[in-house]
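Working notes, structure below.
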Amino acid sequence: MHLYQEKKFNIPNLKGLSQKQLEVHLGLYAGYVKHVNLLRENIAALEKEDKEKHAYTIAELRRRFSFEFDGMRMHEYYFETFEKGPVSADAAGALAEAVSSKYGSWEQFIAHFTAVGMTRGIGWAVLYWDPRGETPHASWVSDHELGHLAGLPIILAMDMWEHAYMVDYTPAEKSKYIAAFLENTNWSVVEKRFAESCR
């Protein structure tokens, strides 16, 4: 059986996000990887032992799988965004042009994405690209597995669960965390994802 491996990220010191915050968050990510593998192993063992007898248990484990898998993958998108430190967006690039076309300007896109991030509750602010509609969508995703826009590539993922910022900020300071996230974003990573989604 294929086992998923915990990815290692090349993240330098970030402004407004402490090393302790990152260590706590990376530890949580490692837990998702562990539980993705554990769920798959448990399902396989129960099926081998007696698929009919364990049918309800297997069904519940399969329901849980999407939470653990999406938690793993969304955190990989998240941490990749910080790799090699902040890099400004290309103001004349394809991503800037696409979001400016929809939201009015790069600054208005950032304001809109920030507003999505300020949505009450736990979840993610996600920037997608819709290849069929040829338009970006900044959307809120509850939990990890609920509310994704079907089939759309993820261009940018900002974790808005409290574990992403509670070492450094209180819930009332969520906007400061969002500002720190955006300030530390390596936009070349985001632009590469966008280019790949347009192929």
Practice task
Might you check whether a residue that is closer than 27 Å to residue 36 by Cβ and among the hydrophobic types (A, V, I, L, M, F, W, C) occurs anywhere in the range 170-177?
Solution key: no
Practice task
Take residue 124 and decide whether it is closer than 23 Å to residue 15 by Cβ, in contact (Cβ under 8 Å) with a residue 12 or more places away in the chain, outside the structural domain of residue 37 (by TED's automatic domain parsing) and under 19 Å from the mean Cα position of the chain (by Cα).
Solution key: yes
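Residue-wise test of (1) within 26 Å of residue 23 (Cα to Cα); (2) crowded, with 18+ Cβ neighbours inside 10 Å; (3) of a type in the set (Val, Ile, Thr).
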residue	(1), (2), (3)
92	no, no, no
97	no, no, no
102	no, no, no
135	no, no, yes
158	yes, yes, no
164	yes, yes, no
167	yes, no, yes
Problem - Among the candidates 162, 134, residue that is more than 24 Å from residue 7 (Cα to Cα) and out of contact with any Lys or Arg (no Cβ under 8 Å at 6 or more places or on another chain) - result: 134
Exercise for the section: Could you tell me which of the residues 181, 113 is outside the structural domain of residue 71 (by TED's automatic domain parsing), surrounded by 14 or more Cβ atoms within 10 Å (Cβ to Cβ) and farther than 16 Å from residue 16 by Cβ? Expected result: 113
Exercise for the section: Take residue 100 and decide whether it is under 20 Å from the mean Cα position of the chain (by Cα), among the polar types (S, T, N, Q) and at pLDDT 95 or above. Expected result: no
Practice task
Looking only at the range 59-70, decide whether some residue is at pLDDT 95 or above, assigned to a loop (DSSP other than H, G, I, E, B), touching an Asp or Glu at 6+ places or on another chain (Cβ under 8 Å) and closer than 27 Å to residue 184 by Cβ.
Solution key: no
Problem - From 61, 28, residue being surrounded by 13 or more Cβ atoms within 10 Å (Cβ to Cβ), in contact (Cβ under 8 Å) with a residue 60 or more places away in the chain, farther than 24 Å from residue 197 by Cα and not acidic (Asp, Glu) - result: 28
Handout entry: Options 140, 124, 129; residue that is outside any loop (DSSP other than H, G, I, E, B), modelled with pLDDT of 95 or more and surrounded by fewer than 18 Cβ atoms within 10 Å (Cβ to Cβ)
Key = 140
Handout entry: residue 56, sole failed condition from (1) modelled with pLDDT under 95; (2) in a helix (DSSP H, G or I); (3) surrounded by fewer than 12 Cβ atoms within 10 Å (Cβ to Cβ)
Key = (1)
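The values are calculated or read from the model by the stated rules, or taken from the named source; none is laboratory data. In this text the structure is predicted, and so the values were computed from the model without any measurement. Using ideal geometry, Cβ is built from the backbone for each residue, glycine included, and neighbour counts are taken over all protein chains shown.
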